[in-house]
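Engineer: Sending over a structure as structure tokens; questions will come in a sec.
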There are 4 protein chains.
Amino acid sequence: MQGMNNRLHIGLVGLGRMGLNLALNMLDHGHEVRGYARTKATVDKAAAQGIKGAYSLEELAGQLKTPRLVWLMIPAGKAVDEVIEQLAPLLAPGDIIVDGGNSHYRDTLRRYRFLKEKGIHLVDSGTSGGVEGARHGACCMVGAEDEVFAYLEPLFKDITVPGGYLHTGPPGSGHYVKMVHNGIEYGMMQAIGEGMEVLAGSPFKLDLKEVARVWRHGSVIRGWLMDLMEKALAKDNALNGIKDIAYSSGEGLWTIEEAMRLKVPAPVITAALLMRYRSEQEESFATKVVAALRHEFGGHNVARK
Amino acid sequence: MQGMNNRLHIGLVGLGRMGLNLALNMLDHGHEVRGYARTKATVDKAAAQGIKGAYSLEELAGQLKTPRLVWLMIPAGKAVDEVIEQLAPLLAPGDIIVDGGNSHYRDTLRRYRFLKEKGIHLVDSGTSGGVEGARHGACCMVGAEDEVFAYLEPLFKDITVPGGYLHTGPPGSGHYVKMVHNGIEYGMMQAIGEGMEVLAGSPFKLDLKEVARVWRHGSVIRGWLMDLMEKALAKDNALNGIKDIAYSSGEGLWTIEEAMRLKVPAPVITAALLMRYRSEQEESFATKVVAALRHEFGGHNVARK
Amino acid sequence: MQGMNNRLHIGLVGLGRMGLNLALNMLDHGHEVRGYARTKATVDKAAAQGIKGAYSLEELAGQLKTPRLVWLMIPAGKAVDEVIEQLAPLLAPGDIIVDGGNSHYRDTLRRYRFLKEKGIHLVDSGTSGGVEGARHGACCMVGAEDEVFAYLEPLFKDITVPGGYLHTGPPGSGHYVKMVHNGIEYGMMQAIGEGMEVLAGSPFKLDLKEVARVWRHGSVIRGWLMDLMEKALAKDNALNGIKDIAYSSGEGLWTIEEAMRLKVPAPVITAALLMRYRSEQEESFATKVVAALRHEFGGHNVARK
Amino acid sequence: MQGMNNRLHIGLVGLGRMGLNLALNMLDHGHEVRGYARTKATVDKAAAQGIKGAYSLEELAGQLKTPRLVWLMIPAGKAVDEVIEQLAPLLAPGDIIVDGGNSHYRDTLRRYRFLKEKGIHLVDSGTSGGVEGARHGACCMVGAEDEVFAYLEPLFKDITVPGGYLHTGPPGSGHYVKMVHNGIEYGMMQAIGEGMEVLAGSPFKLDLKEVARVWRHGSVIRGWLMDLMEKALAKDNALNGIKDIAYSSGEGLWTIEEAMRLKVPAPVITAALLMRYRSEQEESFATKVVAALRHEFGGHNVARK
């Protein structure tokens, strides 16, 4: 891998919230970015912010210097497979694809082997820090072959906060560590939610925003989630504008599945996910069963529709 | 305690679903029952079913032979304290009060000591089996002094199914065992509910009532709750008429509190109770917090009102 | 499907605890059984109890009348695939394989399609009731094509308790229903365990065996698990001879995975499985982390090795 | 409340890890501290670090200027009641006691009313940030009457990090908020523990310390607990020296009890506590029950002692 150079030329696939901000972050550090997205409008919008556009993967691949570096910032799952299948014939041995999304590590391993046969390197970068991190300094957990990581390290250093990148090990390991990171995140968020709900019901009239604020400074539970908590409550101290539905996007579930596979009891991360699933339900059939059983044996009052 | 006699004369306080049926059960076995309830209408209604009425506790106490036997079948809590306070001066040493409701065992211990000073015996009978059991054969867990239990044993034998009564130990122990019984019941019911909900979402078109039916016969999970499950589904196979709210009346919570006191991890009984609490909520503030945090860091879509 | 006949000739593959007892059960009802197991000793042992043996699958297939009926009572997983692969070429269109074990329903669907191409019918019978049920009357949840079920129904009627079989639907549905049955079973067993542990720590000296006994008669939580609870405690009232490790064999996990797939919150069944996993651990790394963190911030005492 | 003065004279009761460091923190900011502890040795040790000693509560009270300010930094529970009972007759109307420990908020409310009758003010300061925070800048959640808080505010400003104190409301509210803080902490710590355990079992060879390090920089779950995680792993990357027992000191349990009282489902905080309780067990009777039941119905292998 010759021609190592601190100024890289990156083909960024996916210009959504995360991709666009990461591209701008790369530009800030002197890298060259060529952006592609499925819709022309998205590419044009990015172009308005200084990111040169490509209107097809062919065009993108054609404009990158070798070894080509293509960074995917697209939703995990089928989309990644489709792009990789389309990209593979357009790339040459020695080229590199970085999957910066939340792919399942097993998918990453599978794709790594697929590309490896063609001499193309796959790198997985679990990217944390949200949209703000993508823009101003992310946290990257990078699974890569040693030589490939060495080549990319300056880029990772540039786009992350100081101390904010790690070569976690071989391909797949970056997404693995990111998966677990998100599992922990689920547990922490639900813990905060439960605590806040107790505060909201307390016999004292507490100012939740102020509590979040003081907890940000010097407490054991200070951290970015608490920073965000204050921010959210500062906008709307009772969260009146937000519905009580919490979606999930996969990594929490995968962490639990992995824990189960390893027979690691993870009741907290699991409970956090189950409460999200519960929140998505319009009606709980399990609860109807419990209510019906109570009614049967006890003649207990049952709420009827 | 002389004059032991298989035909007892019972003053039954509380003529609701449980009390009335228990009174009829006692009558069936040749005991004499005098019933009292707070409202005249309830007493009259019981009288129409052959239960002689009393329209005040004074009247009730006055009509019982000594040693008087007063059986309380009233809601746990303050009502029991009130009745005991009113009854105490009307009774004499050697008289017996049976608390057949779901009192907290600590309340029972306190009331036992209070009555003990006056020479009045308190017996706690945890009564299981629902309304049907009260009428045709219950399950009684009886906390009582040995001599008092021996005196009452024929009555307990009469009103329970064969094998269906136990002298659990000294006063308080009956309510303790019943409390734990109900805790287990919470866990079992929620387990059935969860399983039924999975069945309802299965890729097969399952007839839930038929599944409950087959599980009643020969399966590992057969038992009365499954009998009731079939009964409820036979009326309404999708439980369309029942709202997904499951109330709770105390014993589940007390079991958990007792488990916590003993540092016994009881995650299943606890989860069962928490899902009931969740079902009572119109809105989950914890979930709103999680949704708000997701929105803050990820710009994730959040359901807005 | 002609030649329907109430007396069937069954080739039983697998003569372990469940298979052997089921074979004896079939014999009791006038069916003819030819048994096969991997080891000669097992076949000989069954022969000593009146079950004619076969020492290879070829021999077994050769001795069955057509349509051949082969009943598998072997551990779920690879063993079932291996036997089916070996059996398929030995069977003819119209023959039937019943998988009476705890296969995953997706495996059953896959095998059903594989055999269907060869004209061989696969039937899945989730079998509950334990060893005793296998011997004297089981509970069978049967997934099968309608015509095949009709042909086998007399057999299912014979080997189950009255009311103890159900045609749950097409192939796969029997194992699905059995999977959920076992999930519920996990929750119920853990609920009983937690309750028993509270009783064991109670301030009263309770006789656990007697409590289980009384709960069997007339209580809401009566059922077979409580019958077994009394039986186990009657042998050893403090379970002194049993180690606190609870293994699991798959269906609990699968129920949870299915629940997760359907986004059905199943916290009770899940907690039951996680406590089993916890019980298998010699050491909990998660707990070490918690202890280490406590030590770091609080200088709390930490148990050191 | 006159003579308000930024330089306060504090009588500090309790010179353990937290108390001693808080005293040094106060000294740093120019306040005068007189320290008392039950044993002479502890007082002498503090004196060696510049804290003037008192060898009895009488001596302490005698040396403070009015309005006297006594700060308790002692274990929650009986110790606080004992000290307050001894202190009350030594103080005069207008004097102030600050309880800086983790008292239950209901105890605080009770003590507040007791002292109020004597004209003595009770202030509750939930103090977070661990030993390090006590020394160099804590986080204080302060329940106090408005006027009293205004008097003490300069002191709270001095001993906390910038932004690190909050007047949460009337007496009791500080301990309430701190209780919930600790509940959240339980959930977060267990979430981290579970994640770390998955990492430790991963198919990759992950360097846990390095993972904790990268998560500290830019990730969503960054915060002080992650800082401590790295610190702990840096000393011992497999936590080999730490036993898998996690004790608890009350606030987690109280948070759950409060949640239950409010019917707030808090499954994550609860699971975190239950796993701690599980870790304290030498043997799980619940698991023995499950194992025994499995054995009874299935003839499953059971680990025997």
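Engineer: Any residue at all in the range C:124-133 that's part of a loop (DSSP other than H, G, I, E, B), at pLDDT 95 or above and open to solvent by 10 Å² or more (accessible area, probe 1.4 Å)?
Structural biologist: The answer is no; no qualifying residue exists.
Engineer: Is it the case that the range D:156-166 has a residue that's open to solvent by 10 Å² or more (accessible area, probe 1.4 Å), of a type in the set (A, V, I, L, M, F, W, C) and within 22 Å of A:Gly223 (Cβ to Cβ)?
Structural biologist: Yes, some residue in the range D:156-166 is open to solvent by 10 Å² or more (accessible area, probe 1.4 Å), of a type in the set (A, V, I, L, M, F, W, C) and within 22 Å of A:Gly223 (Cβ to Cβ).
Engineer: Out of (1) facing chain A (nearest Cβ under 7 Å); (2) farther than 13 Å from A:Val214 by Cβ, what's the single condition that is false for D:Thr160?
Structural biologist: (2)
Engineer: Let me confirm something: among D:Lys40, D:Lys65, which residue is modelled with pLDDT under 95 and surrounded by fewer than 20 Cβ atoms within 10 Å (Cβ to Cβ)? Before you say what the answer is, go through the steps one by one.
Structural biologist: Details: D:Lys40 fails: modelled with pLDDT under 95.
Being modelled with pLDDT under 95 and surrounded by fewer than 20 Cβ atoms within 10 Å (Cβ to Cβ) holds for just one of D:Lys40, D:Lys65, which is D:Lys65.
Engineer: Additional query: Could you grab me the full set of residues in the range B:73-90 that are in contact with a Ser or Thr (Cβ under 9 Å, 6 or more places away or on another chain) and on the phi < 0 side of the Ramachandran plot? Can you show your working first?
Structural biologist: Applying the first criterion (in contact with a Ser or Thr (Cβ under 9 Å, 6 or more places away or on another chain)) to the range B:73-90 yields B:73, B:75-77, B:80.
Selection gives B:Met73, B:Pro75, B:Ala76, B:Val80.
Engineer: Just need a number here: residues in the range C:186-227 that are facing another protein chain (nearest Cβ under 7 Å), among the acidic types (Asp, Glu) and open to solvent by 10 Å² or more (accessible area, probe 1.4 Å).
Structural biologist: 2
Engineer: Further, regarding this structure: Which of the residues spanning the range C:178-199 are without any contact (Cβ under 8 Å) to a residue 24 or more places away in the chain and of a type in the set (A, V, I, L, M, F, W, C)?
Structural biologist: Within the range C:178-199, C:Val198, C:Leu199 qualify.
Engineer: Restricting the search to the range D:44-99, which residues are within 18 Å of D:Val148 (Cβ to Cβ) and under 23 Å from the mean Cα position of the chain (by Cα)? Even if it seems obvious, please write down each step before you answer.
Structural biologist: First, pick out the residues of the range D:44-99 that are within 18 Å of D:Val148 (Cβ to Cβ): D:64-72, D:84, D:87-88, D:91-99.
D:Leu69, D:Val70, D:Trp71, D:Leu72, D:Ile84, D:Leu87, D:Ile96, D:Ile97, D:Val98, D:Asp99 - these are the residues of the range D:44-99 that are within 18 Å of D:Val148 (Cβ to Cβ) and under 23 Å from the mean Cα position of the chain (by Cα).
Engineer: Yes or no: A:Leu233 more than 30 Å from C:Leu253 (Cβ to Cβ), open to solvent by less than 10 Å² (accessible area, probe 1.4 Å) and more than 13 Å from chain D (Cβ to nearest Cβ)?
Structural biologist: Taking the combined requirement at face value, the residue satisfies it.
Engineer: Can you confirm whether D:Asp95 is open to solvent by 20 Å² or more (accessible area, probe 1.4 Å), of a type in the set (Asp, Glu) and modelled with pLDDT of 95 or more? Reasoning before the result, please.
Structural biologist: Working: open to solvent by 20 Å² or more (accessible area, probe 1.4 Å): no; of a type in the set (Asp, Glu): yes; modelled with pLDDT of 95 or more: yes.
Considered against the rule, which asks whether it is open to solvent by 20 Å² or more (accessible area, probe 1.4 Å), of a type in the set (Asp, Glu) and modelled with pLDDT of 95 or more, D:Asp95 comes out as no.
Engineer: Scan the range B:61-106 for residues that are under 23 Å from B:Tyr165 (Cα atoms) and charged (D, E, K, R) and report the count.
Structural biologist: Residues in the range B:61-106 being under 23 Å from B:Tyr165 (Cα atoms) and charged (D, E, K, R): 4 in total.
Engineer: Okay, next question. Given the conditions (1) open to solvent by less than 20 Å² (accessible area, probe 1.4 Å); (2) closer than 19 Å to B:Ala144 by Cβ, which single one is not true for B:His9?
Structural biologist: B:His9 satisfies all of (1) open to solvent by less than 20 Å² (accessible area, probe 1.4 Å); (2) closer than 19 Å to B:Ala144 by Cβ except (1).
Engineer: I'm trying to understand the selection: among the residues of the range D:266-283, which are surrounded by fewer than 24 Cβ atoms within 10 Å (Cβ to Cβ) and small (Gly, Ala, Ser)?
Structural biologist: Answer for the range D:266-283, where residues must be surrounded by fewer than 24 Cβ atoms within 10 Å (Cβ to Cβ) and small (Gly, Ala, Ser): just D:Ser279.
Engineer: Looking at the range D:277-294, which of its residues are at the interface with chain C (Cβ under 7 Å from one of its Cβ atoms) and either in contact (Cβ under 8 Å) with a residue 12 or more places away in the chain or not aliphatic (A, V, I, L, M) (or both)? Explain how you work it out, then say what you get.
Structural biologist: Our first condition is that a residue be at the interface with chain C (Cβ under 7 Å from one of its Cβ atoms); within the range D:277-294, this holds for D:278-279, D:283-294.
Those that are at the interface with chain C (Cβ under 7 Å from one of its Cβ atoms) and either in contact (Cβ under 8 Å) with a residue 12 or more places away in the chain or not aliphatic (A, V, I, L, M) (or both): D:Arg278, D:Ser279, D:Glu283, D:Ser284, D:Phe285, D:Thr287, D:Lys288, D:Ala291, D:Arg294.
Engineer: Which ones in the range B:137-155 are part of a strand (DSSP E or B) and either closer than 22 Å to B:His29 by Cα or open to solvent by 10 Å² or more (accessible area, probe 1.4 Å) (or both)?
Structural biologist: Going residue by residue through the range B:137-155, those that are part of a strand (DSSP E or B) are B:138-143.
Result: B:Ala138, B:Cys139, B:Cys140, B:Met141, B:Val142.
Engineer: Another question, if that's okay. Could you list, in sequence order, all residues of the range B:133-154 that are closer than 24 Å to B:Glu185 by Cα and in contact (Cβ under 8 Å) with a residue 60 or more places away in the chain?
Structural biologist: Across the range B:133-154, the qualifying residues are B:Ala134, B:Arg135, B:His136, B:Gly137, B:Ala138.
Engineer: Answer yes or no as to whether D:Tyr176 is more than 7 Å from every other protein chain (Cβ to nearest Cβ), open to solvent by less than 40 Å² (accessible area, probe 1.4 Å) and among the hydroxyl-bearing types (Ser, Thr, Tyr). Outline the logic, then answer.
Structural biologist: On the way: more than 7 Å from every other protein chain (Cβ to nearest Cβ): no; open to solvent by less than 40 Å² (accessible area, probe 1.4 Å): yes; among the hydroxyl-bearing types (Ser, Thr, Tyr): yes.
No, not satisfied.
Engineer: Next up: Would you check which residues across the range D:240-265 are on the phi > 0 side of the Ramachandran plot and either surrounded by 24 or more Cβ atoms within 10 Å (Cβ to Cβ) or at pLDDT below 95 (or both) and list them?
Structural biologist: Here is the first cut: in the range D:240-265, the ones on the phi > 0 side of the Ramachandran plot are D:250, D:263.
Within the range D:240-265, just D:Gly250 meets the criteria.
Engineer: Another question about this same structure. Has the range D:118-128 got at least one residue that is within 14 Å of chain A (Cβ to nearest Cβ) and in contact with a Ser or Thr (Cβ under 6 Å, 6 or more places away or on another chain)? Give the derivation first.
Structural biologist: Keep residues of the range D:118-128 that are within 14 Å of chain A (Cβ to nearest Cβ), which gives D:124-128.
Retained after the next criterion (residues that are in contact with a Ser or Thr (Cβ under 6 Å, 6 or more places away or on another chain)): D:124, D:128.
Looking through the range D:118-128, at least one residue is within 14 Å of chain A (Cβ to nearest Cβ) and in contact with a Ser or Thr (Cβ under 6 Å, 6 or more places away or on another chain).
Engineer: Can you tell me how many residues within the range B:179-227 are within 19 Å of the chain's Cα centre (by Cα) and within 20 Å of A:His295 (Cβ to Cβ)? Spell out the reasoning first.
Structural biologist: Taking the range B:179-227 and keeping what is within 19 Å of the chain's Cα centre (by Cα), we get B:179-190, B:223-227.
Those left that are additionally within 20 Å of A:His295 (Cβ to Cβ): B:181-190, B:223-227.
Here the count works out to 15.
Engineer: Does D:Leu115 satisfy the criteria of being open to solvent by less than 10 Å² (accessible area, probe 1.4 Å), more than 11 Å from chain A (Cβ to nearest Cβ), part of a helix (DSSP H, G or I) and farther than 21 Å from D:Ala46 by Cβ?
Structural biologist: yes
The values are calculated or read from the model by the stated rules, or taken from the named source; none is laboratory data. Since this is a predicted model, take the numbers as computed values, not measurements. For neighbour counting, all protein chains shown are included, and Cβ atoms are generated from backbone atoms with ideal geometry for every residue, glycine included. Note: accessible area is taken over every heavy atom of the protein model, side chains too, but ligands, DNA and RNA are not part of it. Shrake-Rupley method; radii C 1.70, N 1.55, O 1.52, S 1.80 Å.
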